[in-house]
Amino acid sequence: MSSLPLLPATVIGSWSFPGWYAKFCDDAVRQPELFGSDDREEAVRDAVRLAVDDQLRAGADLITDGEMQRVDFNLGFYDSLEGLRPLPPARRWGPPAHDQRSRYLCVGPLSAPRGLGLVEEYRRVRALTTAPLKVPVPGPFTLAGCLQGGEVYRDRMEITKALLPIVNRELKALVQEGVTFLQLDEPSFACRPDRPEEFLDLIARTVDGVHAFLSLHMCFGNFRGRAVGQRSYRPLFPYLAQAPVQQLALEFASREMAEIELAREIRPPMGVAVGLVDVKNTWIEPPELVAERLRTVLKYIEAERVHVTPDCGFSQTARFIATKKLAAMVEGVRLVRQQLRS
């Protein structure tokens, strides 16, 4: 990624849906007869255009399509999988939590004969901008989290292994299309760190033959702004630093920079994307605080191997807050760049 500046400022993946687009998506599900195919395409393209514009206006050096073309960061992909049957939600009322997310039962071998749709996503956003892009892709273990094996698969690991070649093919198709920066989203492993050796093997098989810059994103969950596991990376080290990727994307801001010393265990050439903005709160971090956090990071790893991100995606954050948080993060990065150059 030689075209990027020192300490690139970027996002993890998702951007906040504009209010009108959230309403459109809801209406399209509830009353699909209201919209034709051209109406849907226009809405998606306009939403992607806004996400790109918001990120560029904030000063991000590396952007995404904001995941405007998805349902959450992974839920929409189940529509592309065959061998599934939707399950009714067990709980509809009360405070929101992860148990209210979509669930599916495996009723046959999993397949995706038409792929997962990520190439089409990339083509839409690439048609709108020449800015440096990365494409986040949900990993097989995380995708398996919403599935029950039924009589087809014994457990989550068997489901993961069935999804693995599907994700691998999608990654290769993106590279073939021209993508040079891929981010594999596997937050579920951070929340279940008890089998690190098996995790490394699964990551290796998922990215086998994928020739691109690979970032591995591992947060602790952000559905409705809530974590879903014990927020510690320590059980995954030193294994995590041995993953066959070029970068680890980890969250630190919401944990008040706890465990940042683990960056010392990330050996060259692997780098780290450090989460320095908390997406779970509504407070706008001052640029000076972002700069202070980044200076702390640089005590443990050199600047040439560091990207700066929010802790997670902005899909659960109001758009007016997300734009201010990203702009403050970018300004904090600029303060440190200036200091390093002086």
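Nothing in this text is a laboratory measurement; each read-out follows from the coordinates by a stated rule. All values derive from a computational prediction rather than experimental measurement. Cβ sites come from the backbone with ideal geometry, for glycine too, and all protein chains shown count toward neighbours.
Pop a pseudo-label 7 angstrom from the Cα along the beta-carbon direction at both residue 148 and residue 87 and give the gap in nm to one decimal.
Spacing of the two 7 Å Cα→Cβ label points: 0.3 nm.
Applying the Karplus parametrisation 6.51 cos²θ - 1.76 cosθ + 1.60 with θ = phi - 60° to the phi angles of region 37-44, what ³J(HN,Hα) value in whole Hz is obtained for each residue in order, glycine and proline being reported as x?
Residue by residue, region 37-44 yields 5, 5, 4, 5, 4, 4, 5, 5 Hz.
Using 0.36 nm per residue, how much length does the chain from residue 123 to residue 107 gain when fully extended, once their Cα-Cα distance is taken away?
Additional length available on full extension: 2.5 nm.
Treating only the Cβ atoms of Lys and Arg (+1) and Asp and Glu (-1) as charged, compute the dipole magnitude of the chain about its Cα centre; round to the nearest 20 debye.
Charge dipole of the chain: 420 debye, to the nearest 20.
What does a probe at residue 57 reach in region 267-286, counting residues whose amide N is under 19 Å from the point 7 Å along Cα→Cβ?
It comes to 284-285, nothing else.
Starting from 0.36 nm per residue, how many nanometres of slack lie between residue 41 and residue 29 once their C-alpha separation is accounted for?
2.8 nm
If you count the DSSP beta bridges with both ends in region 19-341, what percent of them are antiparallel, to the nearest 5?
Approximately 15 percent, going by the DSSP bridge assignments.
Could you give me the ³J(HN,Hα) list for region 111-116, computed from phi with Karplus coefficients 6.51, -1.76, 1.60 and θ = phi - 60°, whole Hz, x at Gly and Pro?
In residue order, the calculated couplings are 8, 9, x, 9, x, 9 Hz.
Go ahead and set up a Gaussian network model of the chain, Cα springs under 10 Å, then flag whichever of 293, 154, 123 fluctuates most.
Ranking 293, 154, 123 by mean-square fluctuation puts 154 first.
Any idea how far apart residue 211 and residue 97 come out in nm if each label point goes 7 Å out from Cα toward Cβ?
Label at residue 211, label at residue 97, 4.8 nm between them.
Where the only charges are on Cβ atoms (+1 Lys, Arg; -1 Asp, Glu), what is the dipole of region 234-284 about its Cα centre, to the nearest 20 debye?
Roughly 120 debye for region 234-284.
Set Lys and Arg Cβ to +1 and Asp and Glu Cβ to -1, take the dipole of region 19-341 about its Cα centre, and tell me which of 48, 216, 307 lies farthest positive.
307
Amide H of residue 103: which non-local residues (sequence gap of 5 or more, or other chain) have their own amide H closer than 5 Å, using H built in the peptide plane?
87
For the chain, what number of Lys pairs, 8 or more residues apart or on separate chains, have alpha-carbon atoms under 30 Å from each other?
The result is 16.
Using 0.36 nm times the number of residues separating residue 226 and residue 173, minus their current alpha carbon distance, what extension gain do you get?
Here the segment from residue 226 to residue 173 would lengthen by 15.8 nm.
Just to compare against my own numbers: the Cα pair-distance distribution for region 19-341, 10 Å bins, whole % per bin, please.
5, 25, 36, 26, 7, 1, 0
Does region 47-146 come out rounded, prolate or oblate by the C-alpha gyration tensor, with a ≥ b ≥ c the root eigenvalues, rounded set by a/c under 1.5 and, if not, prolate when a/b is larger than b/c and oblate if not?
It is oblate, given that a/c is not under 1.5 and a/b is not larger than b/c.
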